[in-house]
Amino acid sequence: MNQHMTLKPVPFIDIGAQRRRLGKSIDEAVARVLAHCQFINGPEVTELEAQLAKFSGAKHVVSCASGTDALLMVLMAKNIGPGDAVICPSFTFCATGEAVALTGASPVFTDVDEATFNMDAASLKRGVAAAKKQGLKPKAVIPVDLFGQSADHDAISAVAEAEGLFVLDDAAQGFGASYKGRRLGTYGHATATSFFPAKPLGCFGDGGAIFTDDAELAATLRSIRVHGQGSDKYDNVRLGLTGRLDTMQAAILIEKLKIFDDEIAARNKVAERYARGLGNVVTVPHLAKDCSSVWAQYTIRLPAGVDRDGFAADLKAQGIPTAIYYVKSMHQQTAYRDYPVAEGGLPVSEKLSDDVISLPMHAYLDEPTQDRIIRAVRGAVSA
């Protein structure tokens with residue numbers, strides 16, 4: 001009999017383990033919403049926004065329906081549209097550039113740093129130059145805190161200040177991480193995050209939030225979130241969306257936020273064990289100085305000559321799932337390949353798309369299971 005047959009498959013992200021830990025608290029939170037029946041903008045929404053503000057240090061938090069809406073709403077509030085350019089990294093989830101394209105503006109793709117996978121400030125400068133050459137007006141930059149690690153916000157804001165760019169931090173994967181001792185949520189002019197279930201702080205459906213210290217921006221975002229309403233809900237003063245977070249999801253997030261710090265610490269332990277067990281056979285993630293990560297993904301790079309598909313198949317045969325973020329960088333995807341890229345091209349993004357692969361990562365990955373994953377990775381690399 002195949003020795004792998006008896007092994008239980010490993011979950012890539014174990015939402016079930018967290019659900020068991022939270023137990024009755026989630027059921028009770030949902031039951032409270034079912035009892036008061038305020039499913040839209042109920043008291044839990046306001047409560048969650050206050051808790052998130054306290055957690056992040058941001059003065060204003062506007063919850064919304066998804067991480068994509070979080071990005072889109074900020075761009076709408078800044079009146080970004082046709083003829084404008086917004087500079088984004090290419091090695092990211094498509095929502096970063098998609099939100100820009102939805103406004104009618106042009107995403108301009110830049111390269112990333114090979115060690116951190118985050119936006120390269122030198123490439124940002126070249127992206128601004130490429131935008132101007134195309135006759136576009138560079139208006140904003142969206143650095144991404146990829147896989148859970150903060151981008152180099154000081155380097156990016158220095159370029160942004162010199163070029164007069166609005167900075168919208170895409171912390172969809174990085175909320176809870178810190179940069180230079182401060183949690184994400186207060187860097188740039190606004191920060192967007194996602195509460196998609198697989199995120200480090202996830203709800204049981206779609207959800208997102210925007211963080212800002214700008215009271216005027218927050219007020220505009222609250223209007224955009226409800227169809228652009230003014231003081232009267234039937235006098236809409238601007239174009240908006242239906243971008244609200246459900247009360248039910250807010251109630252769930254309030255309970256999850258209580259254990260979030262503890263889970264971040266557990267994720268960091270898992271990351272350290274991976275680094276110790278795999279550091280000499282694959283390229284393990286690199287934490288930049290002054291940065292922490294919430295490890296939304298644990299992404300390794302395979303050595304030259306190791307076939308990624310074969311490696312993934314080998315692990316799958318042993319009940320270990322993997323995922324590739326991102327098999328194509330944005331500028332290589334059908335919907336985005338006609339948008340401008342930074343001068344000099346995006347060689348790092350293309351190289352990463354060829355050799356990265358992500359391993360199971362969550363706060364409940366116990367040592368025996370992780371040892372099993374490490375053994376399988378070591379075996380697959382040397383096979």
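Name the single residue that is surrounded by the most Cβ atoms within 10 Å (Cβ to Cβ) among those in region 328-349 being farther than 19 Å from A129 by Cα and out of contact with any strand residue (DSSP E or B) (no Cβ under 9 Å at 6 or more places or on another chain).
K328
Which one of these does W295 not meet: (1) over 19 Å from the mean Cα position of the chain (by Cα); (2) within 15 Å of F12 (Cβ to Cβ); (3) part of a loop (DSSP other than H, G, I, E, B)?
For W295, the failing item is (1).
Answer with yes or no whether P303 is over 30 Å from A129 (Cβ atoms) and surrounded by fewer than 16 Cβ atoms within 10 Å (Cβ to Cβ).
yes
Would you mind finding the one in I300, I357, I373 that is hydrophobic (A, V, I, L, M, F, W, C) and in contact with a Lys or Arg (Cβ under 9 Å, 6 or more places away or on another chain)?
I357
Condition first: of a type in the set (G, A, S) and in contact (Cβ under 8 Å) with a residue 60 or more places away in the chain. Now tell me which residues in region 9-43 satisfy that.
Across region 9-43, the qualifying residues are A17, S25, A29, G42.
For region 93-140, enumerate the residues that are touching a Pro at 6+ places or on another chain (Cβ under 7 Å), touching a residue at least 60 places away in the same chain (Cβ under 8 Å) and of a type in the set (A, V, I, L, M).
A101, V108, V112, A130, A131
Tell me which helices (runs of 4 or more DSSP H) are completely within region 304-383 and hold 3 or more residues being over 30 Å from A101 (Cβ atoms), or say none if there are none.
So the answer is 308-317, 367-382.
Filter region 273-291 down to residues that are without any contact (Cβ under 8 Å) to a residue 12 or more places away in the chain and within 21 Å of the chain's Cα centre (by Cα), then give me how many there are.
Qualifying residue count for the region: 1.
Among what's in region 44-88 and is free of Cβ contacts under 8 Å to residues at least 24 places away in the same chain and in a helix (DSSP H, G or I), pick the residue that is farthest from F166 (Cα to Cα).
Per the criteria, the residue is T46.
Evaluate the following for T116: is it more than 18 Å from the chain's Cα centre (by Cα) and surrounded by fewer than 24 Cβ atoms within 10 Å (Cβ to Cβ)?
Taking the combined requirement at face value, the residue does not satisfy it.
When both residues are 6+ apart or on different chains and their Cβ atoms are under 6 Å apart, which pairs have a first residue that lies in region 334-345 and is within 12 Å of S106 (Cα to Cα), and a second that is among the aliphatic types (A, V, I, L, M)?
Between residues of region 334-345 that are within 12 Å of S106 (Cα to Cα) and residues that are among the aliphatic types (A, V, I, L, M), the close pairs are Y336/M330; P340/V108; P340/A130.
Yes or no: A251 part of a loop (DSSP other than H, G, I, E, B) and either under 23 Å from F196 (Cβ atoms) or touching a Pro at 6+ places or on another chain (Cβ under 9 Å) (or both)?
No.
Residues are listed down the side, and each one gets a yes or a no for (1) under 17 Å from D145 (Cβ atoms); (2) basic (K, R); (3) in contact with a helix residue (DSSP H, G or I) (Cβ under 7 Å, 6 or more places away or on another chain); (4) at pLDDT 95 or above:
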{"position": "A266", "(1), (2), (3), (4)": "no, no, no, yes"}
{"position": "A271", "(1), (2), (3), (4)": "yes, no, no, yes"}
{"position": "S293", "(1), (2), (3), (4)": "yes, no, yes, yes"}
{"position": "R308", "(1), (2), (3), (4)": "no, yes, yes, yes"}
{"position": "K316", "(1), (2), (3), (4)": "no, yes, no, yes"}
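In this structure, is A17 touching a Phe, Trp or Tyr at 6+ places or on another chain (Cβ under 7 Å), surrounded by 14 or more Cβ atoms within 10 Å (Cβ to Cβ) and part of a helix (DSSP H, G or I)?
Yes, satisfied.
The values are calculated or read from the model by the stated rules, or taken from the named source; none is laboratory data. Model, not experiment: these values are computed from the prediction. Ideal geometry is used to build each Cβ from the backbone, glycine not excepted, and the neighbour counts take in all protein chains shown.
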